[in-house]
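Data first, discussion second: the structure below is written as structure tokens.
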Amino acid sequence: KAGVTQTPRYLIKTRGQQVTLSCSPISGHRSVSWYQQTPGQGLQFLFEYFSETQRNKGNFPGRFSGRQFSNSRSEMNVSTLELGDSALYLCASSLGQQLAKNIQYFGAGTRLSVL
Amino acid sequence: GIQVEQSPPDLILQEGANSTLRCNFSDSVNNLQWFHQNPWGQLINLFYIPSGTKQNGRLSATTVATERYSLLYISSSQTTDSGVYFCAVGAGANSKLTFGKGITLSVRP
């Protein structure tokens, strides 16, 4: 069974641009969560999608948005990029239906550099 | 929200030594996972262990939910065990994981 796939692996953008990251979950998983990892703040939850609906949201500005498609693939978008958005963005998938045994599996991440 | 504290923040071991990594959390959880982050950034699942004890080769983990802590044991450490170990917990009616700051383990040959 294929794991969680994130594309692209690396991105370089300039301030003010926007970026879209993609995540394909493990087959059969309906929940996709996004996390941002920076040296200063560690791993922080961005949002979670389940069956095409945002089910939970972290404490990030509205420039960070996401969506989920009917095949459970998810994208996140960051508009008007700032230098502080430079980070490793990690996607996790899980079955999402039962809170018990809701094991999260992570992709390899997308490393975004904003210049 | 729930707080997660990991200790010690850094650990240096000689190859072959054993170690214990600790994770304390501030509230009841329905999910607790240990991860190893590899040098390329991917989080590798080690254990799903909201309670009880599990073993996988040289690694084992114990969570005492009533006392709100979990321990990860690494025995006969190898240089390939080096990296950052994260504890992450989930609580309530959603899939959000709250991560600790991680423990950086360096195993020297």
Practice prompt. Report ³J(HN,Hα) in whole Hz for each residue of the stretch B:81-98, in order, from the Karplus equation J = 6.51 cos²θ - 1.76 cosθ + 1.60 where θ = phi - 60°; Gly and Pro get x.
Written response: 6, 4, x, 10, 10, 10, 9, 9, 10, x, 8, x, 9, 7, 9, 4, 9, 9
Item to complete: Work out the mean other chain Cβ neighbour count within 10 Å for the residues of A:73-82 and drop it here as an integer.
Response: 0
Worksheet item: Quick one: Karplus J couplings for the stretch A:3-17, per residue in order, coefficients 6.51, -1.76, 1.60, θ = phi - 60°, nearest Hz, x for Gly and Pro?
Response: x, 6, 10, 10, 9, x, 7, 9, 8, 10, 10, 10, 3, x, 6
Practice prompt. Taking all pairs of distinct Cα atoms, average 1/r, flip it, and tell me the Kirkwood hydrodynamic radius of the stretch B:48-94 in Å to one decimal place.
Written response: 12.2
Practice prompt. Pull up all non-local amide H partners of B:ALA91: gap of 5 or more, or a different chain, and H-to-H distance under 5 Å with H placed in the peptide plane.
Written response: B:ASN30
Discussion item. Please give the Cα centre distance for the stretch B:1-29 versus the stretch B:36-91, rounded to the nearest Å.
Written reply: 9
Worksheet item: Running Debye on chain B with equal point scatterers at the Cα sites and no solvent, what base-10 log of I(q)/I(0) appears at q = 0.21 Å⁻¹?
Response: -1.10
Practice prompt. Grab the beta carbon distance between B:TYR69 and B:ALA17, set R0 = 25 Å, and tell me the FRET efficiency rounded to 0.05.
Written response: 0.65
Discussion item. Taking beta carbons within 10 Å but only from partner chains, what does the mean come to for residues A:31-43?
Written reply: 3
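Relative contact order of the stretch B:1-92: what whole-number percent is it, with Cα pairs under 8 angstrom and at least 6 residues apart?
37
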Worksheet item: When we measure straight from the Cα of A:LYS57, which lysines land under 27 angstrom away, once same-chain ones fewer than 8 places off are left out?
Response: A:LYS13, A:LYS101, B:LYS96, B:LYS101
Item to complete: Could you rank the peptides A:75-86, A:26-37 by their average count of other C-beta atoms within 10 Å per residue, with the highest value first?
Response: A:26-37, A:75-86
Discussion item. Whole percent per 10 Å bin, from 0 to the bin with the longest distance: what is P(r) over all C-alpha pairs of the stretch A:66-115?
Written reply: 20, 42, 28, 9, 0
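Taking only C-alpha pairs under 8 Å that are 6+ residues apart, what is the relative contact order of the stretch A:1-44 in percent?
Contact order relative to length: 36 percent.
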Discussion item. Pairs of alpha-carbon atoms within less than 8 angstrom and 6+ residues apart define the contacts here; what relative contact order does chain A have, in percent?
Written reply: 36
Discussion item. At 0.36 nm per residue, and after removing the present C-alpha to C-alpha distance, how many nm does the segment from A:LEU115 to A:SER51 gain when stretched out fully?
Written reply: 19.5 nm
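To the nearest whole percent, what portion of all C-alpha pairs in chain A is separated by more than 21 angstrom?
In whole percent, the long-distance tail amounts to 31.
Coordinate-derived values only; no laboratory data. In this text the structure is predicted, and so the values were computed from the model without any measurement. For neighbour counting, all protein chains shown are included, and Cβ atoms are generated from backbone atoms with ideal geometry for every residue, glycine included.
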